[in-house]
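*Asks:* My structure is below; once you've seen it, I'll send some questions.
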Amino acid sequence: MLKAQDFTFNYPGFKRKALKGVSFEVGRGEVLGVVGPVGAGKTTLSMALAGFVPRTTGGESSGGLEVAGMDPREVSGKKMSRHVGLVFENFAAQITQVRVLDEVMSPLLNRGVDVSEAEERAYGMLKKMGLEALNPKAKRTWELSGGQQQRVAMAATLVVEPEILILDSATGMLDPEGAEDVRRLVAGLAGETTLVVVENDADFLLGIAERMLVLHEGEVAADGPADEILRDAELLARCGGVEPPVALRVARALGLEESPLTEEEFEKVVGQVEVRAEEKPPEPDEAETFGEPLIRIEDATYRYPDGTAAVDHVNIEVRAGEIHAVVGGNGAGKTTLAKMVIGLNKPTEGRILLGDANTHEWTAADLAWKVGTAFQNPDEQISERTVREEISFPLHRRRYESTGWFSKKERYGEDYIAERVEEACELVGLDEKYFKSDPSLLPGGLRRLVTMAEALALDPSVVLVLDEPRVGLDAESRRKVIRTIARLRELGLAVIIIEHDMDLVCEVADTATVLNGGKVTLQGPIHEVFAEKNWGLLTEMYLQPPRAARLARSIGVDALSAAELQTKITAVREVS
C-alpha cells in the first residue's frame, strides 16, 4: 500500500534536505509507527504520503513514492483524498466549517453522499470520538477546546473510511482518556486500514505498531519490528529525540540488562520489593518551601453569553517558587482559566489578584509585564518573519512609554533587548542557529520553544502560564522544558502549567488542581491529588494515573515519577 524508494525532498529556499534517501514498504492493513526527534522529517513524510508534498508546499523531490498504486506527485489532490486520510499535527488548520456537525459531514457531502446518510454517519463518528454530548448541530468549532477540535478533525478524517490513515502526532492535545480512545481505535482499524502513526510518545505505540520507522535528520535510522526497536534504548538514545518507554527507562536507570516494555514485564524483571515506612520521604513543610502568594484566584467564574459557565467558582493560590498544575479532560475549562489569568477573559464573577493588583483593572498588554504566557497553539502567537524578531517582538512593542499626547520616553535600548532575547533562549534551550529562521516554518516542538522564550523575554515579575508545554516536543526538548521550569522555581516565580501529560505533571509540579466541567474536583499537593485512592475518580474525569505510578504499583511501590520510582527501588536494594 505504501512504498518509498530512495525518496528525497527539500523545501523551496532551504539548502538542507528535509528527507534524504528514505526507503520503506508498508503492506495492506499494517500499522507503521514513525518516531524521531523534532526536525527529523516526520511531518514532511506524512504530507508526502498524503500528496501535499510537493504539490501544495512546492520544493523538489526525487526517488520513488507509491501510495495505493499511485504516485501522489502525479495525481490530483481530490483523487488522493479518496484513498488517504491525514490528521495534521496542526489540526486546527484543517477545520473549515462553522459548526461541528457540518465539519464532519463536509467530506461525505463532497463525495456525493446523501445528506441524511451523511448526518447519520457523522453522528456515529462523533459518538466514537466522545463528542456526541456537545450538541454538534449547534456548537461552533471555534468554541471548542484544543483537544475537542483535535477530536473533530479526526472524526472528519475517519468518517470517509480511507484505505490509508496517517496520524501525525494526532493525540498531542487529547486528554489521557481521549488518547487511549484513539489507541483503541487504531488497534480496531489494524488489519483492514493501513495506518501510519507518527508519535513522540513511544509508550503510545506499544502493542499497536507492528513495524517502526525511526527517522533522524531526514534519514532512516532504523526500520524493523516495533518490539525490537522499542527495546533498543541505545538506538533511540542515538537519535536524540526519542524517549524509550517508561518501563525500559527505569530498568536502564537501575542498571538492569533486561528490556521490559510493559507493566507485566517490568514486574517480572524487578520482582516484588518492600518499602520500609521510614523510607517514605516526609511531607515538606509548605510554609517553608514556598514564598508569599503571587497569584490568587478567588471564586472566579467565567460565563459565555448564553449563561454557560466555562469556569465555575474556582479558587487557586500559587506562591513564589511553586509549580502548580491545572489538569482535567478536554473542555474542562483549563484554557479559559488561563485566559482569565492573563487578562484576555475578564471574570464575570469573583476576582484574580496578581500580588495586590486586580486583573480586572489591568489591560492584557499591561499584565504582560507581570504574566508571561505560552499559548496552547503556538501558531496563534507567532507573527514575525524570524525567530529573533518573534522573541523580541513584545520588547519592541513596549520599548517606549507614553508621557503625553505627543511625547514618550525610552524604557530600554537595543542592547537590553538583545540581552533579554539571548537569556530567554538560553533558559528554554533554544539554539541561536535558529535566530534567522522563519518560526512559522519550524517543526511544532521548536515553535513551542520559541513562544516560551517570547513569554520569558519580558521577564515577567509574577507568574508564567504554560498551556500544554509538552505538545510536539521530542525527548530532548521535553528535558529542556523540565529544566526551564526548575529554573523558574529557583527564580521565585509562580508557574501555572496546563498539561495532559500526567507523567510530566508529576515530575515537575508541587501542587495541582483538577477541573471537571469548570469546577474544582481535587486540589492539593501532587502526591495527595494523584494518590491511588483517587485513581478511579481521575479516570471518571478523562484522566489517568501517570504511567510511572502504574509501573510502581505493579511492584508494590508508591511513586509518581520515573525518577522517584528509581530512587525508591535503589534505596530498598541498598538496605536489603
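The values are calculated or read from the model by the stated rules, or taken from the named source; none is laboratory data. Everything quoted here is computed from the prediction, not taken from an experiment. Don't worry about glycine lacking a Cβ; one is built from the backbone with ideal geometry, like all the others, and counts go over all protein chains shown. For the accessible areas, the whole protein counts, side chains as well, though only heavy atoms, and no ligand, DNA or RNA atoms are used. Shrake-Rupley method; radii C 1.70, N 1.55, O 1.52, S 1.80 Å.
*Asks:* Report, ordered by the first and then the second residue, all pairs with beta carbons closer than 6 Å, sequence separation of six or more or different chains, a first member in segment 201-213 that is touching a residue at least 40 places away in the same chain (Cβ under 8 Å) and aliphatic (A, V, I, L, M), and a second member that is surrounded by fewer than 20 Cβ atoms within 10 Å (Cβ to Cβ) and assigned to a helix (DSSP H, G or I).
*Replies:* Filtered contacts from segment 201-213: ILE208/ALA187.
*Asks:* I'm trying to understand the selection: among the residues of segment 17-61, which are among the aliphatic types (A, V, I, L, M), open to solvent by 20 Å² or more (accessible area, probe 1.4 Å) and either in a loop (DSSP other than H, G, I, E, B) or without any contact (Cβ under 8 Å) to a residue 12 or more places away in the chain (or both)?
*Replies:* Of everything in segment 17-61, just one residue is among the aliphatic types (A, V, I, L, M), open to solvent by 20 Å² or more (accessible area, probe 1.4 Å) and either in a loop (DSSP other than H, G, I, E, B) or without any contact (Cβ under 8 Å) to a residue 12 or more places away in the chain (or both), namely VAL38.
*Asks:* Tell me, please, whether a residue that is touching an Asp or Glu at 6+ places or on another chain (Cβ under 9 Å), among the β-branched types (Val, Ile, Thr) and farther than 18 Å from ASN330 by Cβ can be found in segment 562-569.
*Replies:* Scanning segment 562-569 turns up no residue that is touching an Asp or Glu at 6+ places or on another chain (Cβ under 9 Å), among the β-branched types (Val, Ile, Thr) and farther than 18 Å from ASN330 by Cβ.
*Asks:* Follow-up. Let me confirm something: among THR8, THR56, which residue is hydroxyl-bearing (Ser, Thr, Tyr) and under 27 Å from ARG151 (Cβ atoms)?
*Replies:* Matching residue, one of THR8, THR56: THR56.
*Asks:* Right, next: Can you list residue pairs whose Cβ atoms sit under 7 Å apart, with the first residue in segment 100-120 being over 16 Å from ALA138 (Cα atoms) and the second being assigned to a loop (DSSP other than H, G, I, E, B) and open to solvent by less than 80 Å² (accessible area, probe 1.4 Å)? Count only pairs 6 or more apart in sequence or on different chains.
*Replies:* PRO107/VAL159; PRO107/VAL160; LEU108/VAL159; LEU108/VAL160; ARG111/VAL160
*Asks:* For segment 178-193, what are the residues that are assigned to a helix (DSSP H, G or I) and touching a residue at least 60 places away in the same chain (Cβ under 8 Å)?
*Replies:* Across segment 178-193, the qualifying residues are GLY178, ALA179, GLU180, VAL186.
*Asks:* Given ASP223, ASP203, which one is outside any strand (DSSP E or B) and closer than 21 Å to GLY39 by Cα?
*Replies:* ASP203
*Asks:* If I filter segment 419-442 for residues that are more than 23 Å from GLY41 (Cα to Cα), part of a loop (DSSP other than H, G, I, E, B) and either open to solvent by 70 Å² or more (accessible area, probe 1.4 Å) or in contact (Cβ under 8 Å) with a residue 60 or more places away in the chain (or both), do I get at least one hit?
*Replies:* no
*Asks:* Return the total of residues in segment 12-62 being among the aromatic types (Phe, Trp, Tyr) and in contact with an Asp or Glu (Cβ under 8 Å, 6 or more places away or on another chain).
*Replies:* Count: 1.
*Asks:* ARG73 is checked against (1) in contact (Cβ under 8 Å) with a residue 40 or more places away in the chain; (2) assigned to a loop (DSSP other than H, G, I, E, B) and fails just one. What number does that condition carry?
*Replies:* (1)
*Asks:* Of the residues GLY328, GLY333, which single one is under 30 Å from LEU174 (Cβ atoms) and in contact with a helix residue (DSSP H, G or I) (Cβ under 9 Å, 6 or more places away or on another chain)?
*Replies:* One residue alone meets the criteria, GLY328.
*Asks:* A follow-up question, please. Among the residues of segment 456-465, is any touching a residue at least 24 places away in the same chain (Cβ under 8 Å), open to solvent by less than 10 Å² (accessible area, probe 1.4 Å) and polar (S, T, N, Q)?
*Replies:* Scanning segment 456-465, I find no residue that is touching a residue at least 24 places away in the same chain (Cβ under 8 Å), open to solvent by less than 10 Å² (accessible area, probe 1.4 Å) and polar (S, T, N, Q), so the answer is no.
*Asks:* Please name all residue pairs, on different chains or six or more residues apart, with Cβ atoms under 6 Å, provided the first residue is in segment 351-378 and is open to solvent by less than 50 Å² (accessible area, probe 1.4 Å) and the second residue is among the polar types (S, T, N, Q).
*Replies:* These pairs meet every condition: ILE352/THR359; LYS370/SER461; ALA374/THR451; GLN376/THR335; PRO378/THR451.
*Asks:* (1) under 25 Å from THR336 (Cα atoms); (2) surrounded by fewer than 21 Cβ atoms within 10 Å (Cβ to Cβ); (3) modelled with pLDDT of 90 or more: which one isn't true of GLU103, the others all being true?
*Replies:* Only one criterion is unmet by GLU103, namely (2).
*Asks:* Any chance you could count how many residues in segment 192-208 are farther than 19 Å from ARG547 by Cα and not hydroxyl-bearing (Ser, Thr, Tyr)?
*Replies:* 5
*Asks:* Just give me the residues in segment 3-16 being open to solvent by 40 Å² or more (accessible area, probe 1.4 Å) and within 19 Å of GLY51 (Cα to Cα), in sequence order.
*Replies:* Within segment 3-16, LYS3, GLN5, ASP6, TYR11, PRO12 qualify.
*Asks:* Looking at (1) open to solvent by 40 Å² or more (accessible area, probe 1.4 Å); (2) of a type outside the set (D, E, K, R); (3) at pLDDT 85 or above, which one does PRO305 not meet, given that it meets all the others?
*Replies:* In the conditions (1) open to solvent by 40 Å² or more (accessible area, probe 1.4 Å); (2) of a type outside the set (D, E, K, R); (3) at pLDDT 85 or above, PRO305 misses (3) alone.
*Asks:* Does SER62 qualify as being more than 30 Å from LEU134 (Cα to Cα), modelled with pLDDT of 95 or more and touching a Ser or Thr at 6+ places or on another chain (Cβ under 9 Å)?
*Replies:* So SER62 fits the description; yes.
*Asks:* How many of the residues making up segment 206-220 are surrounded by fewer than 24 Cβ atoms within 10 Å (Cβ to Cβ) and not in a strand (DSSP E or B)?
*Replies:* Count: 6.
*Asks:* When you check PHE14 against the structure, is it touching a helix residue (DSSP H, G or I) at 6+ places or on another chain (Cβ under 9 Å), part of a strand (DSSP E or B) and more than 22 Å from VAL186 (Cα to Cα), yes or no?
*Replies:* Criteria not met by PHE14.
*Asks:* Could you check segment 379-394 and list, in sequence order, the residues that are touching a residue at least 24 places away in the same chain (Cβ under 8 Å), touching an Asp or Glu at 6+ places or on another chain (Cβ under 8 Å) and open to solvent by 10 Å² or more (accessible area, probe 1.4 Å)?
*Replies:* GLN381, ILE382, GLU384, ARG385, THR386, PHE393, PRO394
*Asks:* Among the residues in segment 157-173, are any part of a helix (DSSP H, G or I) and open to solvent by 10 Å² or more (accessible area, probe 1.4 Å)?
*Replies:* Yes.
*Asks:* Conditions: (1) in contact (Cβ under 8 Å) with a residue 60 or more places away in the chain; (2) over 24 Å from GLY241 (Cα atoms). ARG397 meets all but one. Number of the miss?
*Replies:* (1)
*Asks:* Among the residues of segment 373-390, is there at least one that is under 25 Å from the mean Cα position of the chain (by Cα), within 26 Å of GLY307 (Cα to Cα) and aromatic (Phe, Trp, Tyr)?
*Replies:* The answer is yes; a qualifying residue exists.
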